[in-house]
1. State yes or no: is Asp52 closer than 21 Å to Cys8 by Cα and loosely packed, with under 12 Cβ neighbours inside 10 Å?
2. Restricting to segment 37-57, what's the tally of residues that are among the acidic types (Asp, Glu) and near ligand 1 (Cβ under 8 Å from one of its atoms)?
3. I'm trying to understand the selection: among the residues of segment 69-88, which are under 14 Å from Ile5 (Cα atoms), near ligand 1 (Cβ under 9 Å from one of its atoms) and not β-branched (Val, Ile, Thr)?
4. Quick one: how many residues across segment 75-93 are among the small types (Gly, Ala, Ser) and free of Cβ contacts under 8 Å to residues at least 40 places away in the same chain?
5. Please tell me if Arg60 is surrounded by fewer than 17 Cβ atoms within 10 Å (Cβ to Cβ), within 14 Å of the chain's Cα centre (by Cα) and either within 14 Å of ligand 1 (Cβ to nearest atom) or outside any helix (DSSP H, G or I) (or both).
6. Report, ordered by the first and then the second residue, all pairs with beta carbons closer than 7 Å, sequence separation of six or more or different chains, a first member in segment 94-110 that is of a type in the set (Lys, Arg), and a second member that is part of a helix (DSSP H, G or I).
Amino acid sequence: MTEMISWCGLLCNECPAFIATHTNDDLLREKTAKKWSKMFGFELAAEDVNCDGCQSGSDRLIGHCQTCAIRKCGMEKQVKNCAHCNDYGCQTLENFIQYIPHAKKKLEQIRADILSG
Ligand code: SF4
Ligand code: SF4
């Protein structure tokens with residue numbers, strides 16, 4: 001599948017919520033709900049594990065992505081993702097990706113590609 005890169009550098013197509021939604025996999029929904037409830041300290045129900053990806057234009061998004069400030073900002077600025085933004089490295093982005101090194105790495109890779117022309 002083609003990479004679906006979110007504004008923050010996460011790959012939506014590799015996210016278990018996206019995969020469970022698009023393969024309609026209830027076992028994966030349950031497993032993901034258990035794992036994330038433990039990891040993030042809130043109760044996520046299996047039936048709420050549904051997401052179309054944050055750049056899909058759909059309102060069906062998982063958890064934090066429903067209210068994400070990065071997504072909102074990226075849409076307002078009409079940038080492909082944060083790597084393409086003139087304000088790359090802003091506090092809104094940094095506050096989030098400091099905890100997600102693989103997302104930061106993805107954005108850095110895109111930046112390097114843009115800068116190398
Ligand atoms: S909604 Fe925000 S946190 Fe979720 S994938 Fe999109 S940019 Fe990242
Ligand atoms: S200002 Fe920050 S959060 Fe907004 S699009 Fe640019 S890098 Fe992303």
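We did not get these values from a lab; they are worked out from the coordinates using the rules stated. Remember, predicted model here, so these are calculated numbers, not experimental data. Counting neighbours? That spans all protein chains shown, and the Cβs are built from the backbone with ideal geometry, glycine included.
1. Numbers: closer than 21 Å to Cys8 by Cα: yes; loosely packed, with under 12 Cβ neighbours inside 10 Å: no.
So Asp52 does not fit the description; no.
2. Within segment 37-57, residues that are among the acidic types (Asp, Glu) and near ligand 1 (Cβ under 8 Å from one of its atoms) number 0.
3. Result: Arg71, Gly74, Asn81, Cys82.
4. The first filter runs over segment 75-93 and keeps only residues among the small types (Gly, Ala, Ser), leaving 83, 89.
From what is left, the residues that are free of Cβ contacts under 8 Å to residues at least 40 places away in the same chain are 89.
Final tally of qualifying residues: 1.
5. On the way: surrounded by fewer than 17 Cβ atoms within 10 Å (Cβ to Cβ): yes; within 14 Å of the chain's Cα centre (by Cα): yes; either within 14 Å of ligand 1 (Cβ to nearest atom) or outside any helix (DSSP H, G or I) (or both): yes.
Against the criterion (surrounded by fewer than 17 Cβ atoms within 10 Å (Cβ to Cβ), within 14 Å of the chain's Cα centre (by Cα) and either within 14 Å of ligand 1 (Cβ to nearest atom) or outside any helix (DSSP H, G or I) (or both)), Arg60 qualifies.
6. Taking only residues 6 or more apart or on different chains, the pairs are Lys104/Ile97.
Residue-wise test of (1) touching an Asp or Glu at 6+ places or on another chain (Cβ under 6 Å); (2) assigned to a helix (DSSP H, G or I); (3) more than 9 Å from ligand 2 (Cβ to nearest atom); (4) over 13 Å from Leu10 (Cβ atoms).
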{"position": "Ile70", "(1), (2), (3), (4)": "no, yes, no, no"}
{"position": "Gly74", "(1), (2), (3), (4)": "no, yes, no, no"}
{"position": "Asn86", "(1), (2), (3), (4)": "no, no, no, yes"}
{"position": "Gly89", "(1), (2), (3), (4)": "no, no, no, yes"}
{"position": "Tyr99", "(1), (2), (3), (4)": "no, no, yes, no"}
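A quick yes/no check of all residues on (1) assigned to a helix (DSSP H, G or I); (2) surrounded by 19 or more Cβ atoms within 10 Å (Cβ to Cβ); (3) in contact with a Gly (Cβ under 7 Å, 6 or more places away or on another chain); (4) among the small types (Gly, Ala, Ser):
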position	(1), (2), (3), (4)
Gly9	no, yes, no, yes
Phe18	yes, yes, yes, no
His22	yes, no, no, no
Leu28	yes, no, no, no
Lys35	yes, no, no, no
Glu43	no, no, no, no
